[in-house]
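Heads up: the structure comes next, in structure tokens.
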Amino acid sequence: MTFQKKILCIAGMGLVLNSTLLIAAEQSATSILKHAYQYIGSLDKYAFSAVVINDDMKDGKLLKQYKKHVSVKVDRPDDLRVDIKGETKDRSTYLHDGIFTMIDHRFNYYGQIKLPKKSINAALDYIFNKYGIKAPLAALIYSDMNKRTKFTKITYFGKRTIKGAEYDYIAFRNKGGVIHAWITHGEKPLVKYFTIIDTTVKGNPRTTASINWDTDPKLSEKDFIFTAPKGASKISVESAN
Amino acid sequence: MKKQNKMLVKFAVVTMMIGFFSPSLTIQTLTPQNMNNGVTHTEKEITFTLLQRAEARRGGGARRGSARPAARRGGTRRAKPRSAARRPANKNIKRNKNISRNKNINRNKNINRNVNRNVNVNRNVNVNNRYYGGGHYHGHHHHGYYHGHPILTFTAGMAIGSIIASSSMPSSCTTVSVGGVAYRRCNNEYYQPFYEGDTLVYKRVSSPY
């Protein structure tokens, strides 16, 4: 083998090796994410509480960070309850028996939407598509999120140990932002932390969340049934689209 | 044959050089801290010269441009009506200005167009928001839009039909119910609450009495 051929072989092998490693890293990250979503989707009954911090930006500079506590209870196929309490919001939302309800406790107003389908997935799709209503942390509520996830690029950064627990650290990019996620390493992968960097806005504002999971919660039907408090007024819900 | 080999060697060398001296060779990682009170991050940048990492960073992970030193987080708050979220639409505004130089009437039409485009910009952001609740919080310095009309901060004597942000509604106003419909009364002016999507807003209405 001539010298030139040797160099050519080495260069070719290097390229093949690098691209193989890259593909393997991407596949690994994809499977970690999808496995996590599949596991969450397989749970019939679960609850989690999250501390979420949103950046408030102005001219690319951070003005303030708003913290809120989010509590989510899920009982598939059609019961959902979300409570949000924070500086800017004190709201509960209910999904039960084909009715979506949201109530703002500070104002004592509530709105209701009758849903064409009762399941959580169909209900979340309907309120988003028809009214522009976003369920907080919906990615952790859908049962088929593994099929919905779309990204243009995904990277696996390896394992990270946080407070003695081991997590798989991945990041993926999709239209509008970059999402970093720390997923429990093991057979029961759950998203423990995530950060969204909004790349469409100057200054790249972030949303960060820290999540505590309860995969064996004690839930009763009462948790999902809305009863209007005394003096509460029902108001209309219009589309934001 | 020799010429062919030389060409192949040159090609291989150039390919390797492109890989190793790729301009985007920095990868940014985040580390969550203060887990009990939410997540803040320390960031570190690692420089790699391997093809694999360079490629991975180009599309995935986080960009160098998105890195912000911790010291920058937590500036003072200013109250202004516009937010950074609307900024991408500024390009459109400039374009429209060029088109609408001739007539004032056209200018007004263009303003409406801008508003619609702003809504579309938000939809793009919603791709993340929908599943993760991401994006940035629209603080008190602006309140967004309702069907192309800006949501305003409360002031006395607002025009009928004005849409007002609930966060700006004075606490001194009282709630009244007329015919089963709830209103907020502020100095003999009436405001009807409703949800615009998941945002609580008020519409200035004439007296229900």
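For A:Ile141, state whether it is closer than 21 Å to A:His69 by Cα and within 12 Å of chain B (Cβ to nearest Cβ).
Here the answer is yes, as A:Ile141 does meet what is asked.
How many residues are out of contact with any Gly (no Cβ under 8 Å at 6 or more places or on another chain) and closer than 10 Å to B:Ile163 by Cβ if we restrict to the stretch B:180-195?
Residues flagged as out of contact with any Gly (no Cβ under 8 Å at 6 or more places or on another chain) and closer than 10 Å to B:Ile163 by Cβ within the stretch B:180-195 amount to 1.
Say whether the condition of being part of a loop (DSSP other than H, G, I, E, B) and open to solvent by 60 Å² or more (accessible area, probe 1.4 Å) is met by at least one residue in the stretch A:166-174.
Checking the stretch A:166-174: not a single residue is part of a loop (DSSP other than H, G, I, E, B) and open to solvent by 60 Å² or more (accessible area, probe 1.4 Å).
Give the residue that is farthest from the other protein chains (Cβ to nearest Cβ), with candidates limited to residues of the stretch A:175-186 that are open to solvent by less than 10 Å² (accessible area, probe 1.4 Å) and either hydrophobic (A, V, I, L, M, F, W, C) or farther than 20 Å from A:Arg148 by Cβ (or both).
Across the stretch A:175-186, the extreme among qualifying residues is A:Ile183.
Would you confirm whether or not the stretch A:125-138 contains a residue that is more than 9 Å from chain B (Cβ to nearest Cβ) and either in a loop (DSSP other than H, G, I, E, B) or open to solvent by less than 20 Å² (accessible area, probe 1.4 Å) (or both)?
no
Keeping to the stretch A:169-223, report how many residues are more than 16 Å from the chain's Cα centre (by Cα) and closer than 23 Å to A:Thr155 by Cα.
10
Every residue, every condition in (1) farther than 15 Å from A:Ile40 by Cβ; (2) aromatic (Phe, Trp, Tyr), yes or no:
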{"residue": "A:Lys150", "(1), (2)": "yes, no"}
{"residue": "A:Lys163", "(1), (2)": "yes, no"}
{"residue": "A:Arg173", "(1), (2)": "yes, no"}
{"residue": "A:Gly177", "(1), (2)": "yes, no"}
{"residue": "A:Lys192", "(1), (2)": "no, no"}
{"residue": "A:Val201", "(1), (2)": "yes, no"}
{"residue": "A:Asp214", "(1), (2)": "no, no"}
{"residue": "A:Phe224", "(1), (2)": "yes, yes"}
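Quick check: is even one residue across the stretch A:46-62 surrounded by 17 or more Cβ atoms within 10 Å (Cβ to Cβ), within 11 Å of another protein chain (Cβ to nearest Cβ) and without any contact (Cβ under 8 Å) to a residue 60 or more places away in the chain?
Yes, the stretch A:46-62 has at least one match.
I'd like to check something: does the stretch B:189-197 contain any residue that is open to solvent by 70 Å² or more (accessible area, probe 1.4 Å) and more than 9 Å from chain A (Cβ to nearest Cβ)?
no
The values are calculated or read from the model by the stated rules, or taken from the named source; none is laboratory data. No experiment lies behind these values; they were computed from the predicted model shown. Positions of Cβ are generated from backbone atoms using ideal geometry, with glycine treated the same way; all protein chains shown enter the neighbour counts. These area figures cover heavy atoms from the full protein model, side chains too; ligands, DNA and RNA do not enter into them. Shrake-Rupley method; radii C 1.70, N 1.55, O 1.52, S 1.80 Å.
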